[in-house]
Amino acid sequence: MKNIRVRLGRRSYNIRIGTGLLTQVGPMLKEMGCAGKAVIITDPTVKKLYGRSLKQSLTASGFKVALLEVPEGEEQKSLETAGRLYNELTKFYAERTTPILALGGGVIGDLAGFVAATYLRGVPLVQIPTTLLAQGDSSIGGKVAVNHGLLKNKIGAFYHPRLTISDISTLKTLSPRELSDGLAEIIKHGVILDGEFFSYLEENLDKIKSLDDQVLERVISRSAKIKAGVVEKDELDLGLRNILNYGHTVGHAIESVSELKVWHGEAVAIGMLAEARISNRLGILTEDEVARIKNLIAQAGLPTELPSLELEKLIQAMKHDKKILQGKLKFALPKSIGEAFITDEVSPSLIEKALVE
Ligand SMILES: NC(=O)c1ccc[n+]([C@@H]2O[C@H](COP(=O)([O-])OP(=O)(O)OC[C@H]3O[C@@H](n4cnc5c(N)ncnc54)[C@H](O)[C@@H]3O)[C@@H](O)[C@H]2O)c1
């Protein structure tokens with residue numbers, strides 16, 4: 001098992017990464033000083049696969065457990081669903097000290113995290129991510145949120161977990177498309193901050209796809225450590241954290257114009273390639289580096305071509321996105337593989353060219 005310490009002063013916490021960890025959650029919680037009640041929030045698929053073993057681990061450690069289920073899907077990241085969960089927590093007499101365990105992918109992590117941040121002005125949160133996207137990226141950084149109208153992920157808080165437990169064994173039940181989708185943010189971490197990690201991914205992609213435990217543990221740990229390092233320096237997203245938006249200016253637009261038919265990681269993959277081309281056209285990233293990024297994305301089973309979406313709608317969607325700085329679109333672009341920078345000096349015609357190239 002690997003342990004990563006996220007250093008945030010009083011809010012510091014550990015991320016544990018390894019195989020078979022679900023059965024050890026009860027003792028880990030007791031070690032943290034939790035006792036009495038615990039609440040698991042999950043979705044039907046994850047509940048069926050892992051709900052029982054998590055619940056057993058907790059009851060064996062003396063916890064009285066409520067297992068709350070929300071239907072699957074991004075639309076559950078809503079104030080309505082949060083309201084329903086508050087009711088259930090009240091019925092269970094959950095207290096300020098009752099931990100909420102978010103068991104699932106990024107949707108459950110964001111939603112249960114938001115509920116934990118707000119119920120009784122905050123109860124302990126334990127993230128137990130079960131998708132590659134959540135283990136390598138979304139469960140780290142403390143951003144918890146629901147959507148509201150056009151405000152995607154904007155009703156939320158910075159609320160860090162007391163502990164994150166990434167059980168790699170849970171990844172075995174993901175579909176190949178879900179696994180590939182989760183690889184996008186991991187590749188992004190290599191491109192923007194760690195060239196050696198990028199090379200490691202190039203060399204070990206087959207082992208990742210065949211779910212080799214050792215390689216997965218290393219990849220998830222490295223990805224988590226890279227993100228944690230950025231979050232430690234810019235917890236409230238006021239500067240450095242912007243580089244994590246590489247691939248996202250274009251990616252978010254694709255996600256929203258496709259009405260979520262293109263998944264988050266897939267959209268980010270297409271976005272990373274388009275934004276790598278923008279950097280190349282600005283005379284910064286070399287052709288060779290663009291080719292390496294493209295190859296790794298393709299090898300990961302992610303798309304490299306823009307799906308048939310109206311270019312004009314994409315540009316409009318980018319303009320509505322949060323990454324606008326005094327009317328100009330803001331991009332996080334790779335300088336080389338392993339280094340990134342922020343710029344608002346990208347002309348609309350260059351964006352269009354990069355999208356259709
Ligand atoms: N907070 C952040 O910093 C951050 C960062 C990136 C993305 N996100 C959010 O993450 C969400 C996407 O997360 P996601 O891709 O994990 O999607 P998801 O949570 O919707 O999970 C995808 C599907 O996989 C299923 N699933 C989960 N674990 C499984 C397992 N082990 N085996 C089989 N099936 C499993 C789920 O039931 C669901 O149907 C979005 O809402 C996005 O906004 C948040």
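Only the coordinates and a few stated rules stand behind these numbers; no lab work does. What you see is a predicted model; the values in this text were computed from it and never measured. Here the Cβ positions follow ideal geometry from the backbone for every residue, glycine too, while neighbour counts run over all protein chains shown.
Determine whether M318 is at negative phi and either surrounded by fewer than 15 Cβ atoms within 10 Å (Cβ to Cβ) or away from the ligand (no atom under 16 Å from the Cβ) (or both). So M318 fits the description; yes. Restricting attention to region 151-196, the residues that are free of Cβ contacts under 8 Å to residues at least 24 places away in the same chain and in a loop (DSSP other than H, G, I, E, B) total 1. For region 197-236, which residues satisfy the criterion of being over 19 Å from A332 (Cα atoms), assigned to a helix (DSSP H, G or I) and of a type in the set (S, T, Y)? The answer is S199, Y200, S221. Residues in region 265-283 that are over 13 Å from A298 (Cα atoms) and touching a Leu at 6+ places or on another chain (Cβ under 7 Å): A274, E275, A276, I278, S279, R281. Across region 52-70, the qualifying residues are those that are surrounded by fewer than 20 Cβ atoms within 10 Å (Cβ to Cβ) and not in a strand (DSSP E or B), and the one among them that is farthest from the ligand (Cβ to nearest atom) is G62. Looking only at region 71-101, residues that are more than 10 Å from the ligand (Cβ to nearest atom) and not in a helix (DSSP H, G or I) come to 11 in all. The set of residues from region 124-150 being out of contact with any Lys or Arg (no Cβ under 9 Å at 6 or more places or on another chain), charged (D, E, K, R) and either more than 7 Å from the ligand (Cβ to nearest atom) or not in a strand (DSSP E or B) (or both) is empty. Could we say that L240 is over 18 Å from A184 (Cβ atoms), surrounded by fewer than 18 Cβ atoms within 10 Å (Cβ to Cβ) and in contact with a helix residue (DSSP H, G or I) (Cβ under 7 Å, 6 or more places away or on another chain) here? Yes, satisfied. When K30 is tested against (1) over 25 Å from the mean Cα position of the chain (by Cα); (2) under 15 Å from P124 (Cβ atoms); (3) surrounded by 17 or more Cβ atoms within 10 Å (Cβ to Cβ), just one condition goes unmet, and that condition is (3). Please indicate, with yes or no, whether at least one residue in region 175-195 is surrounded by fewer than 23 Cβ atoms within 10 Å (Cβ to Cβ) and within 30 Å of M32 (Cα to Cα). Taking every residue of region 175-195 in turn, none turns out to be surrounded by fewer than 23 Cβ atoms within 10 Å (Cβ to Cβ) and within 30 Å of M32 (Cα to Cα). Do we have L49 as touching a residue at least 60 places away in the same chain (Cβ under 8 Å), outside any strand (DSSP E or B) and not hydroxyl-bearing (S, T, Y) here? Yes.
Yes or no: region 89-98 includes at least one residue that is free of Cβ contacts under 8 Å to residues at least 60 places away in the same chain and within 25 Å of T173 (Cβ to Cβ). Checked region 89-98: no residue is free of Cβ contacts under 8 Å to residues at least 60 places away in the same chain and within 25 Å of T173 (Cβ to Cβ).
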